[in-house]
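The values are calculated or read from the model by the stated rules, or taken from the named source; none is laboratory data. Because the structure is predicted, anything quoted here is derived from the model rather than measured. Neighbour counts run over all protein chains shown; Cβ positions are idealised from the backbone, glycine included.
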Amino acid sequence: MTPDRHVEAFDVKDGQLVVGGMPLERLAAGVGSTPFFAYDRRLLTSRVESLRAALPGDLHLGYAVKANPMPAVVQHLAGLVDVLDVASAREMRTALDTGIDPGDVSFAGPGKTEAELRQAAATGVVVEVESRGEVDRLLAAGEAVGVRPVAAIRVNPDFAVQGSGMRMGGGPQQFGVDAEQVPELLGLVADRDLDMVGFHVFAGSQNLDADILAAAQERTVDLVLRLADHAAAAVRYVNLGGGFGIPYFEKDQPLDLARLGENLHRLLETRLRPALPEARAVVELGRYIVGEAGVYVTRVVDTKVSRGQRFAVVDGGMHHQLAASGNLGQVIRRNYPLVVGTRLGPSDEDAPEPVTVVGCLCTPLDLLGSKVSLPTVEVGDLVVVFQAGAYGLTASPTAFLGHDQPVEVLV
Ligand SMILES: Cc1ncc(COP(=O)(O)O)c(C=O)c1O
């Protein structure tokens, strides 16, 4: 997608990008320093509304806090979604602080510590167990705190999802219990002091192909129904995963949400509901909910021409927004959508020239945009990197070179 589409999703007033109802310079003055991350409340809300409109009414919507754990964002989303999915004790605390029912919090991830398991058991969070050993540790945690823990088995499926930016299922994995080992595990826990409510299958993330995702959902339902035959009690929880991607690069097209919605309507109506009438079905989305609602804003501190190539040097960089620099798992580096957010007026459209936007770190890895077509860029201008609402600040090496942490605002 071109930056124009992203600019339109926010708004423009007097040549400036409008975020959270405020023109960019005013927002920057309000924040008090650059660089900063700003998340637009209105866009978060409308994204959840479009999901609700497309997905079945009885499919519960989970937000994966890891995508953006800023407490204000999590609090805002807690009022809009049904489940908060957490991956650490801190995320669990952020989720519980919102006042959500602990039974609506799920905790997935390998390597949960004994302390984390005790906290989860004590609070009544649903622990998505990732191995046989973790089941034993959760039982011990329950005993230690005098509570019967609530658990679901995270299943490593016997299939992989093609086209995912990151794959977390199929083949050997640190995630989940291999599907073929689940029946035995269910037998082992049947008479233990554990409330085993169901299954969680999360096979991959950042997928933009609705056909592939729809096929994966179908295979997930097949798998869950097969495994449910081995459960000692009625299955009450089926987490179908997610993997809904967002367009980061120029040729990416947005996900066909309507197609996924139709598929999930059909799967729930014809397969899941008839077989498992007591099961709460959940999809668990991170970046799809928050990614497009966030911008990273950084100020130009220097401009130069080096052997014919124009450079703009900004006060931020890869230490805050690693993904945009191409160093968070990309094989071939491509530019994130980026604009000069203070030069979006009609007169700024003349003769754009390629500019390479680099951060302030003393490494060639600190590249935010290679030869981006931009209007005249001057010291003091504000550069905006889009698609910064997910896996931005908390997925970046903020201590690298000792710069200050950027501010985050929800506006
Ligand atoms: C278990 C689990 N759930 C949800 C997510 C969120 O993925 P995304 O932000 O791509 O939706 C991840 C991502 O790693 C995950 O591992």
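Looking at (1) within 15 Å of the ligand (Cβ to nearest atom); (2) surrounded by fewer than 17 Cβ atoms within 10 Å (Cβ to Cβ); (3) within 27 Å of HIS265 (Cα to Cα), find the lone condition where GLY111 falls short.
(3)
With respect to the numbered conditions (1) more than 16 Å from the ligand (Cβ to nearest atom); (2) within 26 Å of SER88 (Cβ to Cβ), which one is the sole condition not fulfilled by ALA390?
Here ALA390 clears every test but (1).
Based on what the data block shows, is GLY124 free of Cβ contacts under 8 Å to residues at least 12 places away in the same chain, farther than 28 Å from GLU218 by Cβ, assigned by TED's automatic domain parsing to the domain that holds ALA231 and more than 21 Å from the chain's Cα centre (by Cα)?
No.
Quickly run through the stretch 1-54 and pick out the residues that are outside any helix (DSSP H, G or I) and without any contact (Cβ under 8 Å) to a residue 24 or more places away in the chain.
If the condition is that a residue be outside any helix (DSSP H, G or I) and without any contact (Cβ under 8 Å) to a residue 24 or more places away in the chain, then ASP11, LYS13, VAL18, PRO23 are the ones that fit.
Counting only residues that are under 21 Å from the mean Cα position of the chain (by Cα) and surrounded by fewer than 18 Cβ atoms within 10 Å (Cβ to Cβ), how many does the stretch 1-42 have?
Residues meeting the conditions: 4.
Is it the case, given these coordinates, that VAL372 is more than 20 Å from ASP14 (Cα to Cα), of a type in the set (A, V, I, L, M, F, W, C) and assigned to a strand (DSSP E or B)?
yes
Determine whether ALA95 is outside the structural domain of ALA152 (by TED's automatic domain parsing), within 14 Å of the ligand (Cβ to nearest atom), touching a Lys or Arg at 6+ places or on another chain (Cβ under 6 Å) and touching a residue at least 12 places away in the same chain (Cβ under 8 Å).
No; evaluated as a whole, the condition is false for this residue.
Residues PHE202, PHE175: which one is crowded, with 23+ Cβ neighbours inside 10 Å, among the aromatic types (Phe, Trp, Tyr), within 25 Å of LEU328 (Cβ to Cβ) and assigned by TED's automatic domain parsing to the domain that holds ARG273?
Checking each option against the conditions leaves just PHE202.
Cβ-Cβ distance below 7 Å, separation of 6 or more or different chains: which pairs start in the stretch 280-299 with a residue that is of a type in the set (S, T, N, Q) and end on one that is part of a strand (DSSP E or B) and more than 8 Å from the ligand (Cβ to nearest atom)?
Partner pairs satisfying both residue conditions: THR298/VAL314; THR298/VAL383.
Given (1) more than 16 Å from the ligand (Cβ to nearest atom); (2) within 21 Å of ASP222 (Cβ to Cβ); (3) among the basic types (Lys, Arg), where does ARG167 come up short, assuming only one miss?
(1)
Which ones in the stretch 302-313 are out of contact with any Cys (no Cβ under 7 Å at 6 or more places or on another chain) and closer than 30 Å to LEU410 by Cβ?
ALA312 - this is the single residue of the stretch 302-313 that is out of contact with any Cys (no Cβ under 7 Å at 6 or more places or on another chain) and closer than 30 Å to LEU410 by Cβ.
Could you check, for the stretch 129-152, whether at least one of its residues is within 13 Å of the ligand (Cβ to nearest atom), at pLDDT 95 or above and farther than 30 Å from VAL331 by Cα?
yes
Looking only at residues that are assigned to a helix (DSSP H, G or I) and buried (at least 24 other Cβ atoms within 10 Å of the Cβ) in the stretch 317-343, which one is nearest to the chain's Cα centre (by Cα)?
For the stretch 317-343, the residue satisfying everything is ALA324.
Which condition breaks for GLY243 when tested against (1) modelled with pLDDT under 95; (2) on the phi > 0 side of the Ramachandran plot?
Status for GLY243: all satisfied but (1).
What is the one condition in (1) within 16 Å of the ligand (Cβ to nearest atom); (2) over 31 Å from the mean Cα position of the chain (by Cα) that PHE311 does not satisfy?
Only one criterion is unmet by PHE311, namely (1).
For the stretch 187-305, please list each of the helices (runs of 4 or more DSSP H) lying entirely inside it that holds at least 3 residues being among the hydrophobic types (A, V, I, L, M, F, W, C) and within 16 Å of the ligand (Cβ to nearest atom).
By residue number, 210-228, 257-267.
State yes or no: is GLN173 polar (S, T, N, Q), within 13 Å of the ligand (Cβ to nearest atom) and free of Cβ contacts under 8 Å to residues at least 24 places away in the same chain?
yes
I'd like to know if the stretch 177-184 contains one or more residues that are in contact with a Ser or Thr (Cβ under 8 Å, 6 or more places away or on another chain), farther than 12 Å from ARG154 by Cβ and not aliphatic (A, V, I, L, M).
So far as the stretch 177-184 goes, no, none of its residues is in contact with a Ser or Thr (Cβ under 8 Å, 6 or more places away or on another chain), farther than 12 Å from ARG154 by Cβ and not aliphatic (A, V, I, L, M).
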